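The values are calculated or read from the model by the stated rules, or taken from the named source; none is laboratory data. Worth saying up front: this structure is predicted, and the values here are computed from it rather than measured. Neighbour counts run over all protein chains shown; Cβ positions are idealised from the backbone, glycine included. Side chains included, ligands, DNA and RNA excluded: accessible areas come from the protein's heavy atoms. Shrake-Rupley method; radii C 1.70, N 1.55, O 1.52, S 1.80 Å.
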Amino acid sequence: MSTLLKINASLFSSQGQSSQLADRFVAARLAAHPDTRVISRDLAAEPVPHLDAARFLSFLAKPEERSAEQQAVVSFSDALIAEIREADEIVIGLPMYNFGIPSTLKAYFDHIARAGVTFRYTANGPEGLLGGKKVHVFAARGGLYAGTPKDSQTTYVRDFLGFIGITDVEFVYAEGLNMGEDSKSAALTAAHRQLEQLAA
């Protein structure tokens, strides 16, 4: 039995276009592989706190010197990381807000980037510790950005995941969703076709 972790980053929870694409992929995957175990994390319904000095210092504190509050912060981060460790496959529903990723997803990333836990520093530079996983990113955009300098998402998400050791990352784009009904329909139809093939 394989385990799939689904992360929806839309502010609109399951109603967001990116979430609907991610959910559709998971439904297709379950239809093709019913024994798949799914872990769901909705960053709108259960937001991860944004990183601040206190939370960052909690990660740096030695285990035996942590206060109760610091231990609670670390335990929360550990739970997020445990979900990723368990997953063979990760699905991310990714909307674009103001040319970037949602701040809730950045907060999530900040809580899973832990030195000595998900990456380590070596003489040859940082080494990711969470390899061997496949990631599908379903990116929904109002305009057309893929392959242009304004697409900061793709490079950032690839770089971050690579930093923690995950290099097998595939993007499915649904773009031009705010450029009229014809554009929206064509983009979603193409994305649906692609995700159905990937889920088989």
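Taking every Cα-Cα distance in the stretch 1-59 and sorting them into 10 Å bins starting at zero, the pair-distance distribution P(r) comes out as 22, 38, 26, 13, 2 percent. For Lys106, the lysines whose Cα falls under 26 Å of its own Cα, not counting residues fewer than eight places away in the same chain, are Lys6, Lys62, Lys133, Lys134, Lys150. Farthest toward the positive end of the dipole of the stretch 104-146, out of Tyr108, Tyr121, Phe138, is the Cα of Phe138, where the dipole comes from beta carbon charges about the Cα centre. Could you work out the percent of alpha carbon pairs in the chain separated by over 32 Å, rounded to a whole number? Result: 18 percent of Cα pairs exceed 32 Å.
For the stretch 100-200, the calculated P(r), taken from all Cα-Cα distances in 10 Å bins from zero up to the bin holding the longest distance, is 14, 37, 32, 14, 3, 0 percent. Over the residues of the chain, the helix contribution to mean residue ellipticity at 222 nm works out to -13500 deg cm²/dmol, using -39500 (n - 2.57) for each DSSP H run of at least 4.
Surface calculation, 1.4 Å probe, protein heavy atoms: Phe171 sits at approximately 20 Å² accessible.
Evaluated with a Cβ-only charge set (Lys, Arg +1; Asp, Glu -1), the stretch 53-102 carries a dipole of roughly 260 debye about its Cα centre, given to the nearest 20. For the stretch 82-146, taking Cα atoms only, Rg and Dmax work out to 14.3, 43 Å respectively. In a reduced charge model with +1 at each Lys and Arg Cβ and -1 at each Asp and Glu Cβ, the chain shows a dipole moment near 140 debye about its Cα centre. Once C-alpha pairs closer than 8 Å and six or more residues apart are averaged by separation and normalised to the residue number of the stretch 1-143, the relative contact order reads 33 percent.
For the stretch 26-82, taking the reciprocal of the average inverse distance between every pair of different Cα atoms yields a Kirkwood hydrodynamic radius of 13.8 Å.
In the full protein context, the stretch 108-200 carries 48 Å² of accessible surface per residue, based on a 1.4 Å probe and ignoring ligands, DNA and RNA.
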